[in-house]
């Protein structure tokens, strides 16, 4: 037991220091004498922090709220900022009846790569949505040049009846997914200008048509559902005042 005690450095522990904000060139001097090692596990783009800055560490730093200790010579895994790429704005392809060919051309002119995906919709080849990393994106969203955008367009098929889902109270991203599965199109009106990250917290408070406004709650495949959304708050389901 005495051997095991010494072998495992029982009770010998080091506070995890805060690496966040350090430049990669200063890390060696920072850990000198601390009996710690580090590995740069990842590097990411950022337009908020200087090149080479540590923006994430694992394990996290020690604090009164989150006490954190490690054994001597433990590796601390760091994420730093790499060379910042060029950001481009996503053009507006949804306000008008944009065809997939025109949409692809505009996206490529802006510096993006384009993939196609179609859904059943009465408007053949009409651009219905834009996706990046499985998230819908809106005009003005800034993405790195060369990012892959999936252009969702209509197949021209439609007419088969499908159950209209009730979307009120759902996050917009979930509502779009429900409609896509049902073969329905969507037009979204956001209460305020948003970024890609903001759109994750917007919630539907109005839809037209509603399930109780159509016969048997059914609509034709390819129909478009209009929804209004606002930022998620404590009182999420109360529509904003006009």
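Remarks
- The set of residues from the range 62-94 being part of a loop (DSSP other than H, G, I, E, B), surrounded by 12 or more Cβ atoms within 10 Å (Cβ to Cβ) and either out of contact with any helix residue (DSSP H, G or I) (no Cβ under 6 Å at 6 or more places or on another chain) or without any contact (Cβ under 8 Å) to a residue 24 or more places away in the chain (or both) comprises 62, 68, 71, 72, 82, 84, 85, 90, 92, 94.
- Criterion violated by residue 29 - all others in (1) in a loop (DSSP other than H, G, I, E, B); (2) outside the structural domain of residue 139 (by TED's automatic domain parsing); (3) free of Cβ contacts under 8 Å to residues at least 24 places away in the same chain satisfied: (1)
- In the range 138-145, the count of residues that are outside the structural domain of residue 206 (by TED's automatic domain parsing), closer than 17 Å to residue 226 by Cα and in a loop (DSSP other than H, G, I, E, B) is one or more.
- Residue 114 vs. criteria surrounded by 13 or more Cβ atoms within 10 Å (Cβ to Cβ) and in contact with a helix residue (DSSP H, G or I) (Cβ under 6 Å, 6 or more places away or on another chain): yes
- Remark: residue 115 matches the filter, which requires a residue to be under 22 Å from residue 45 (Cβ atoms) and either in contact with a strand residue (DSSP E or B) (Cβ under 9 Å, 6 or more places away or on another chain) or touching a residue at least 60 places away in the same chain (Cβ under 8 Å) (or both).
- Qualifying residue in the range 198-206 (condition: surrounded by 18 or more Cβ atoms within 10 Å (Cβ to Cβ), part of a helix (DSSP H, G or I), touching a strand residue (DSSP E or B) at 6+ places or on another chain (Cβ under 8 Å) and modelled with pLDDT of 85 or more): no
Here is a yes/no grid of residues against (1) without any contact (Cβ under 8 Å) to a residue 12 or more places away in the chain; (2) under 30 Å from residue 44 (Cβ atoms); (3) surrounded by 14 or more Cβ atoms within 10 Å (Cβ to Cβ):
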position	(1), (2), (3)
132	no, yes, yes
136	no, yes, yes
149	no, yes, yes
162	no, no, yes
168	no, no, yes
188	no, yes, yes
212	yes, no, no
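- Matching option when the condition is outside the structural domain of residue 177 (by TED's automatic domain parsing), closer than 16 Å to residue 155 by Cβ, exposed (fewer than 14 other Cβ atoms within 10 Å of the Cβ) and at pLDDT below 90, among 97, 125: 97
- The set of residues from the range 32-60 being in a loop (DSSP other than H, G, I, E, B) and in contact (Cβ under 8 Å) with a residue 12 or more places away in the chain comprises 34, 35, 45, 46, 47, 49, 50, 51, 52, 59, 60.
The values are calculated or read from the model by the stated rules, or taken from the named source; none is laboratory data. Every value quoted in this text rests on a predicted model; they were computed, and no experiment measured them. As a convention, Cβ positions derive from the backbone with ideal geometry for all residues, glycine included, and neighbour counts pool all protein chains shown.
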